[in-house]
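The values are calculated or read from the model by the stated rules, or taken from the named source; none is laboratory data. All figures in this text were calculated on a predicted structure; none of them were measured in a lab. As a convention, Cβ positions derive from the backbone with ideal geometry for all residues, glycine included, and neighbour counts pool all protein chains shown. Side chains included, ligands, DNA and RNA excluded: accessible areas come from the protein's heavy atoms. Shrake-Rupley method; radii C 1.70, N 1.55, O 1.52, S 1.80 Å.
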Amino acid sequence: MPAGRESTRSRLPSLTGMRFLAALLVFVFHVATVFAYPDAETAAGVQSVTGRLAFLGVSFFFVLSGFVLTWSARPGDGAGSFLRRRLCKIYPNHLVTFAVALILLLVLAKPVTGVLPNLLLFHAWIPDQSIFNSVNVVSWSLSCELVFYLFFPLLYRWITRIGEKHLWWWASGVVVAVLCVPFVAEIAIPATDGDPLQAGSSTSQVWFVFIFPPVALLQFVLGILMARIVLAGRWFGLPLPVAALALVGGYALALLVPYNFGINATTIVPIALVIAAGAVADVRGRRTLLRGRTMLWLGEVSFAFYLVHYVVLLDGRELLGLPRLSVGGEVALSIAGFAVSLALAFLLYLGVERPVMRRWSRARRPRHRRAPGRTGFPPGHEPAGSAPRPRGAG
């Protein structure tokens, strides 16, 4: 089957599997930050190698969100219904993990900051680490996702008007914009040398390059454009394994370039290629290691896993009062943290995410069809609720 317009009804199991791998990258990054190393040199070495994994995982989620929401576009759904589904998807899980994280902070007598901005998912807009990394640290990405969802109807209207032969040019332009962001940060925002793992950078620069929602929106827009490229039959046929190798190379390069440029400038193109190549592989019925039953299940719970894992790794250890262990003990503790995080993620998915989506994500059908042209989307281009949607970052 060609990767053209008829592929809009195809499911994307490989992309579902990819969601968990992206969440796993963030998990490994956080394991490296809480691991009790035998010496400072070993800690610095491991953390320097894993220090961009969280950026890679979250950047993957941002591009994937734009891709899958565009892929699932269907007639007959309004902007209000779309936002309702997305809020039902991200907010109940956020509310539960926010409450648990807040309780643990109080029990452990840790500083509590940014409660209201975090609760309302506004905290990514504030360039203060005590705010955007408040309560459940990883929830800042949901603040960005909320902005993506609010702007998606308008962005979708604009991007569907781009001529098919110009799609690659627009995608290239967005990539150039992403590449320019670190230069802007270097020029406009002072750097500090306070953190040796961020040499030549600063928290404010990192916030601007990656967390600031209008800048993060560029990655979401790239996902929309890549979906349109595939749907329009403009994909140039790059196989998924080759795209994956390019992503590995992009991450290796990220460890060599200045910190601000290693955040996502070297990986944004490979990420987009991997997602598009995975979708094309699914449309054409090609076998991948990502579409098995286990990977599909892991992909389904990956959003919940993403939200619970850091609370388990950091607060769980402190709550239990675990001392510094040997390397083997720390590895075993990390594996246990993974197992506990996965179990809690499944419970959150089973007890909160899935029931809420089934019960409240769809409004009751009106008795009369709504008049055309009042949905906020151009006729024939409204997003639907039945196709697979991105997990892991909301």
Solvent-accessible heavy-atom area per residue, rounded to whole Å², over the chain at 1.4 Å: 45
Under-5 Å amide H pairs with Ala73, H placed in peptide plane, nonlocal only: Ala384
Spacing of the two label points (7 Å from each Cα toward its C-beta) at His166 and Arg317, in nm: 5.2
Segment 282-357 versus segment 91-160: alpha-carbon centroid distance in Å: 20
Equivalent ellipsoid, segment 278-358 (semi-axes from 5 times Cα gyration tensor eigenvalues, Å): 31, 18, 8
In order through segment 136-148: 3J(HN,Hα) via Karplus (6.51 cos²θ - 1.76 cosθ + 1.60), integer Hz, x for Gly, Pro: 8, 3, 6, 6, 4, 5, 5, 4, 5, 4, 4, 5, 4
Rounded accessible area of His166 (nearest 10 Å², 1.4 Å probe): 80
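With a 1.4 Å probe and every protein chain kept in, tell me what percent of the accessible surface of segment 60-184 is carbon plus sulfur. Walk me through the intermediate numbers first.
Details: 3800 of 5060 Å².
Within segment 60-184, the accessible surface is 75 percent carbon and sulfur.
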Relative contact order [Cα under 8 Å, 6+ residues apart], segment 235-365, whole percent: 21
Amide proton proximity set for Thr113, modelled H, under 5 Å, gap of 5+: Val135
All-pairs alpha carbon distance profile, segment 205-254, 10 Å steps from 0, percent: 21, 33, 38, 8
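Rounded to the nearest 20 Debye, what is the dipole magnitude of the chain about its Cα centre when Lys and Arg each give +1 and Asp and Glu each give -1 at the C-beta?
Result for the chain is approximately 2620 debye, rounded to the nearest 20.
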Rg followed by Dmax, in Å, when segment 167-281 is reduced to its Cα trace: 15.3, 49
Relative intensity, log₁₀ I(q)/I(0), of segment 111-186 from a Debye sum that treats every alpha carbon as a point, q = 0.19, 0.23, 0.28 Å⁻¹: -0.90, -1.00, -1.13
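Quick check: residue separation of Ile187 and Arg359 times 0.36 nm, minus the Cα distance between them. What number comes out in nm? Don't skip to the answer; put the middle values down first.
Working: separation 172, 0.36 × 172 = 61.92 nm, distance 4.93 nm.
Full-extension gain reported as 57.0 nm.
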For the chain, the spread of Cα positions along each principal axis, largest first, Å: 62, 44, 43
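If you rank Thr160, Thr42, Thr267, Thr294 by how much accessible surface each has, with a 1.4 Å probe, what is the order from largest down?
Working: Thr160 30, Thr42 55, Thr267 5, Thr294 100 Å².
These residues rank, largest area first, as Thr294, Thr42, Thr160, Thr267.
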Segment 72-223 - Rg (one decimal) and Dmax (whole number), Cα, Å: 18.2, 58
Computed over segment 108-190: relative contact order in percent, which uses C-alpha pairs under 8 Å that are six or more apart: 19
HN-Hα J in Hz across segment 109-126 - Karplus 6.51, -1.76, 1.60, θ = phi - 60°, x for Gly and Pro: 6, 8, x, 10, 9, x, 4, 5, x, 5, 4, 8, 6, 10, 6, 5, 7, 9
In Hz, Karplus ³J(HN,Hα) per residue of segment 40-54 (6.51, -1.76, 1.60; θ = phi - 60°; x = Gly, Pro): 5, 5, 5, 4, 5, x, 5, 5, 5, 6, 8, x, 10, 5, 5
23 Å tail of the calculated P(r), segment 5-149, as % of Cα pairs: 49
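Using Cα pairs under 8 angstrom and six or more residues apart, how large is the relative contact order of the chain, in percent? Walk me through the numbers before you get to the answer.
Numbers: 600 pairs, mean separation 145.1, N = 394.
Contact order relative to length: 37 percent.
When all alpha-carbon pairs of segment 220-328 are counted, what percent fall beyond 23 Å? Before the final figure, lay out each step's value.
Values: 3047 of 5886 pairs.
Of all Cα-Cα distances in segment 220-328, 52 percent exceed 23 Å.
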